Amino acid sequence: QALGMGVPVIGTNVGGIKDIVKDGWNGFLTEVGDEKALAGKILDLLNNKKLHQSIAKQARHDFELHYLLDEEKLNKQCDQIEAMLEH
């Protein structure tokens, strides 16, 4: 949801988060338990307007590219599901 709103994401480098958030591109990843790194990334975004804008712009772009379904993508996915159900 944050990516879709163009909000930079800061998360930990675990599970599905690391598949969505690309460190330094559309957000930041830190290691679990590394509070100093987490705080540092938050401060980086708060103190560097250019960085914040760049990460936010890329977050929205990646959301649109990978997760936003337009009518064509939705129809294609429906066709794929129907084909799977027929087999």
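Residue by residue, here is whether (1) open to solvent by 90 Å² or more (accessible area, probe 1.4 Å); (2) touching a residue at least 24 places away in the same chain (Cβ under 8 Å); (3) under 18 Å from the mean Cα position of the chain (by Cα) holds:
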position: 33; (1), (2), (3): no, no, no
position: 46; (1), (2), (3): yes, no, no
position: 59; (1), (2), (3): no, yes, yes
position: 72; (1), (2), (3): yes, no, no
position: 79; (1), (2), (3): yes, no, no
position: 86; (1), (2), (3): yes, no, no
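Cβ-Cβ contacts under 6 Å between residues 6 or more apart (or on different chains), taken from a first residue in the stretch 4-22 that is farther than 18 Å from residue 34 by Cβ to a second residue that is of a type in the set (Phe, Trp, Tyr) and not in a loop (DSSP other than H, G, I, E, B), are listed as 4/63.
Just to verify a result, which residue in the stretch 48-57, among those that are open to solvent by less than 90 Å² (accessible area, probe 1.4 Å) and of a type in the set (S, T, N, Q), is farthest from residue 20 (Cα to Cα)?
48
Here residue 3 clears all of (1) open to solvent by less than 70 Å² (accessible area, probe 1.4 Å); (2) modelled with pLDDT of 90 or more except the condition numbered (2). The set of residues in the stretch 30-47 that are closer than 19 Å to residue 2 by Cα and either in a loop (DSSP other than H, G, I, E, B) or touching a helix residue (DSSP H, G or I) at 6+ places or on another chain (Cβ under 8 Å) (or both) comprises 30, 44, 45, 46.
Quick one: would you say residue 63 is aromatic (Phe, Trp, Tyr) and either at positive phi or in contact with a Leu (Cβ under 6 Å, 6 or more places away or on another chain) (or both)? When the stated conditions are applied, residue 63 passes them. The requirement of being at pLDDT 95 or above and on the phi < 0 side of the Ramachandran plot is satisfied by residue 55.
For the stretch 13-20, state whether one or more residues are among the acidic types (Asp, Glu), open to solvent by 70 Å² or more (accessible area, probe 1.4 Å) and touching a strand residue (DSSP E or B) at 6+ places or on another chain (Cβ under 6 Å).
Checked against the condition, which is being among the acidic types (Asp, Glu), open to solvent by 70 Å² or more (accessible area, probe 1.4 Å) and touching a strand residue (DSSP E or B) at 6+ places or on another chain (Cβ under 6 Å), the stretch 13-20 yields no hits at all.
The values are calculated or read from the model by the stated rules, or taken from the named source; none is laboratory data. Quick caveat, the model's predicted, so the values are computed rather than measured. Neighbour counts are summed over all protein chains in view; Cβ atoms, including those assigned to glycine, are modelled from backbone coordinates with ideal geometry. Note: accessible area is taken over every heavy atom of the protein model, side chains too, but ligands, DNA and RNA are not part of it. Shrake-Rupley method; radii C 1.70, N 1.55, O 1.52, S 1.80 Å.
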